[in-house]
1. With only alpha-carbon atoms in the gyration tensor, what are the semi-axes of the equivalent ellipsoid for the chain, in Å, largest first?
2. Against the globular-protein guess of 2.2 N^0.38 Å, express the Cα radius of gyration of the range 267-428 as a ratio, rounded to two decimals.
3. Could you order peptides 471-478, 77-84, 289-296, 365-372 by the average number of other Cβ atoms within 10 Å of their residues, highest first?
4. Normalised by the number of residues in the range 267-428, what is the relative contact order in percent for Cα pairs under 8 Å and 6+ residues apart?
5. When you count, for each residue, the other Cβ atoms within 10 Å and take the mean per peptide, how do 226-234, 68-76, 103-111, 196-204 rank with the highest first?
6. Take every Cα pair under 8 Å in the chain that's 6+ residues apart, average their separations, divide by the length, and report that relative contact order as a whole percent.
7. Jot down the radius of gyration and Dmax of the range 19-149, Cα atoms only, both in angstrom.
8. Using only alpha carbon pairs under 8 Å that are at least six residues apart, calculate the relative contact order of the range 135-273 and give it in whole percent.
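Nothing in this text is a laboratory measurement; each read-out follows from the coordinates by a stated rule. The structure presented is a predicted model; accordingly, all values stated were derived computationally and were not measured. When we count neighbours, we look across all protein chains shown, and the Cβ atoms used for this are built from the backbone with ideal geometry, even at glycine.
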Amino acid sequence: MTSPEKNYDVVIVGAGNAALTAALSAASKGVKVAILEKAPEHLRGGNSYFTGGLFRFAYNGIEDISELLPDLTSKEKQNIDVGSYKESEFYSDVMRVTEGLSDPSLLQVLTSQSFPTMLWMRNQGVPWILAYGRQAFEHEGKQRFWGGLIVEAVGGGKGLSDRLFELVERENIEVLYQTSGTDLSINQEGHIEGIIAKSKSGYEKISCKSVVLACGGFEANTEMRSRYLGPGWELAKVRGTQYNTGDGINMALRIGAQSHGHWSGCHAVAWDLNAPPHGDRNVADLFQKHSYPFGLIVNVDGERFVDEGADLRNYTYAKYGREILNQPQRVAFQLFDQKTKHLLRDEYFIPQMTMVEAKTIEELATGLDINPGQLQITVQEFNGAVQEGDFNPTALDGKHTEGITPPKSNWAQKLDKPPYLGYAVTCGITFTFGGLKIDTNTQVQDNSDMPIPGLYAAGELTGGLFYNNYPGGSGLMSGAVFGKIAGENAAKEALI
Ligand SMILES: Cc1cc2nc3c(=O)[nH]c(=O)nc-3n(C[C@H](O)[C@H](O)[C@H](O)COP(=O)(O)OP(=O)(O)OC[C@H]3O[C@@H](n4cnc5c(N)ncnc54)[C@H](O)[C@@H]3O)c2cc1C
């Protein structure tokens with residue numbers, strides 16, 4: 001006997017941050033929602049699970065932050081400087097790092113809805129804390145937050161994911177694990193009428209009135225990576241989930257959705273050389289190595305190849321993975337001395353890292369398999385090029401080099417206080433930038449710029465927001481802003 005066809009108002013494909021916020025917002029409209037999660041329950045949550053849980057949003061000052069974090073004490077407030085981060089700053093930061101290519105209408109929604117969405121999540125039951133460990137340094141007696149990124153979910157990505165699942169369960173939203181969406185089903189009028197899903201028991205059609213695709217980009221699909229990002233990308237390590245293989249993008253393209261955005265671009269960072277091929281749920285994001293603005297980066301030949309201090313870390317880290325992939329053997333080394341050791345983030349002190357400590361530069365080179373003669377020359381030239389100035393890790397301090405290529409534009413200090421520390425890194429891909437075209441209501445567009453009735457999308461699998469580069473903390477924020485809108489609109493459509 002065959003089991004009866006499943007029937008819902010809204011089906012959400014994926015179970016990361018974008019999908020779960022979409023599910024919560026759809027359910028709040030009183031419709032019957034189901035979530036399809038390709039992963040088994042113990043591996044659920046997508047890339048969102050692996051994150052630091054950091055969200056970038058616009059705020060006007062400490063009053064806004066107090067609204068999000070009502071438990072902040074007045075003593076704590078006196079000891080911190082959160083500054084402000086206006087909508088216009090968020091907007092222009094994205095435009096600056098994307099070389100002016102970000103879709104203005106989507107970006108307008110992201111920046112203007114960022115703070116209201118943070119509040120909405122807080123009211124749903126997602127708790128926030130200040131990101132002291134990663135986004136603040138002590139300066140002039142206060143913890144000064146920098147770079148437009150100051151709040152994270154309690155418990156990081158794991159805390160965020162666990163909490164969102166609790167909230168989804170509280171709403172009695174059904175989550176079907178080990179169930180992949182494979183094909184969208186449309187009726188004669190071109191309206192979504194269901195989705196074909198594959199589970200352990202085979203293929204089945206699930207009927208619904210609208211679908212929200214929130215099942216990630218194609219970063220874990222080797223073939224698509226090398227096809228769209230270019231040769232060599234099949235060799236990158238994947239920082240997060242193994243399940244984001246472009247399924248949502250491909251199933252929408254098959255029914256005539258429009259491709260959009262930077263298909264040959266992606267977010268990729270410095271990642272431990274010996275990290276596993278996909279994310280490890282225990283180590284999570286700690287394989288990353290993000291303190292390079294305070295040191296030197298060289299390749300196996302002992303040569304520098306990027307300006308380590310071109311900008312605040314949040315605005316360079318996502319594009320430097322590509323630079324590392326382009327080096328011989330796809331390897332680079334981050335070098336520090338005792339002057340900056342105290343500035344290194346927590347990820348530099350985990351047991352699972354590829355690191356050498358040495359008393360001399362030659363010993364460091366030998367330990368890490370870098371060309372020793374050239375490394376000594378590089379460090380000597382660098383030290384000779386460092387200019388006087390006040391070092392300040394919380395701002396672009398202008399302490400720079402002169403007469404070397406590439407230059408170091410900020411935080412340039414001599415590498416001269418042993419023991420030296422060297423960390424071996426490779427390229428870790430985070431997520432891909434190309435995807436589906438959506439409008440500001442998150443409706444997926446067809447090739448004539450008309451919405452496909454009943455089809456919505458949010459998160460990594462949408463294109464148009466990020467090109468070339470990305471300001472840290474924008475991925476979770478964009479997933480939540482557009483996930484919330486997608487859930488609301490998919491529910492409204494189901495109620496018609
Ligand atoms: C190590 C790491 C650290 C990061 N840190 C941050 C950070 O601190 N701040 C930030 O803003 N961003 C961060 N990011 C980026 C962030 O993870 C993404 O931008 C964001 O989580 C994407 O959310 P999403 O919901 O679109 O996708 P995901 O969270 O990846 O969810 C996709 C879901 O779809 C499921 N799926 C895939 N295919 C199918 C299918 N066919 N059917 C059903 N389900 C399917 C997957 O199993 C998964 O559950 C980080 C990423 C990584 C990997």
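1. Listed largest to smallest, the semi-axes of the chain are 41, 25, 19 Å.
2. Normalised Cα radius of gyration, the range 267-428: 0.96.
3. Descending packing order for the listed peptides: 471-478, 289-296, 365-372, 77-84.
4. 35 percent
5. Those peptides, ordered most packed to least, come out 103-111, 226-234, 196-204, 68-76.
6. 24 percent
7. Just the Cα atoms of the range 19-149 yield Rg and Dmax of 17.2, 54 Å.
8. 15 percent
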